[in-house]
Amino acid sequence: MKLQKITIVIIILLTITISAQTEKGGYYIGANSNFNFLSSNTDYVSSSNNTMYGATNSNKYSQFNVNAEVGYFLIDKLTSGLNVSYAQTKPKDLDSRAVYTISPFVKYYFLENNLKPFARASYGFGKIKDAQVFYGDVFNNTVTTADTNINVFNIGAGLAYFANSFISIELIFNYSETNFKTTIPSQTTEQKDKIFRTNLGFSIFL
């Protein structure tokens, strides 16, 4: 009987402690990563000498992605902060590309126990400088620097398992749309990637 009472008290205390980690005024630190073989739909729009071109392609490529973020609980269960992301993609038969982005985010945890569903959304910005880009016809290629501006919208949902009062392990399912706008002399190209991915990570609550 005593053992049962002690067990019940421990469970109640553990639940209260875990619940307190997502209360207003707390701090949140998260990190997650993946390595996936992906397929995506890409829309292209290109303008050169006032002429517009458009196309849609299906792509296959590998991607390695790392995210780190820091947030603050504005209200119970709702944290907001800043995410820093690095992604390296390797399209089939093309060179790899490294992308860095910074994204404000919001994240909301549901339920009051140690297994919490959550939802999150972010909108970020980034930039790429390609050192060498060839353009023109086969007899008149030029080497120049291209500036690529990036906007990325991400929405996702997942499940967090609180291993103790400070750490959770999280599985995240994401959908993202990334817009690349590349400008070189006399030519602008816009590319939109639409991707589904799964990330595994952890979070720390202070």
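The values are calculated or read from the model by the stated rules, or taken from the named source; none is laboratory data. Keep in mind it's a predicted model, so treat the numbers as computed, not measured. Protein only, heavy atoms only, side chains kept; ligands, DNA and RNA dropped before computing areas. Shrake-Rupley method; radii C 1.70, N 1.55, O 1.52, S 1.80 Å.
Remarks
- Qualifying residue in the stretch 129-137 (condition: outside any strand (DSSP E or B), open to solvent by 70 Å² or more (accessible area, probe 1.4 Å) and modelled with pLDDT of 90 or more): no
- Across the stretch 103-125, the qualifying residues are those that are hydrophobic (A, V, I, L, M, F, W, C) and at pLDDT below 95, and the one among them that is farthest from the chain's Cα centre (by Cα) is 111.
- Identity of the residue in the stretch 152-195, of a type in the set (Asp, Glu) and open to solvent by less than 60 Å² (accessible area, probe 1.4 Å), that ends up nearest to residue 120 (Cα to Cα): 170
- Those residues of the stretch 58-96 which are open to solvent by 40 Å² or more (accessible area, probe 1.4 Å), modelled with pLDDT of 70 or more and hydrophobic (A, V, I, L, M, F, W, C), in sequence order: 64, 66, 68, 70, 74, 75, 78, 82, 84
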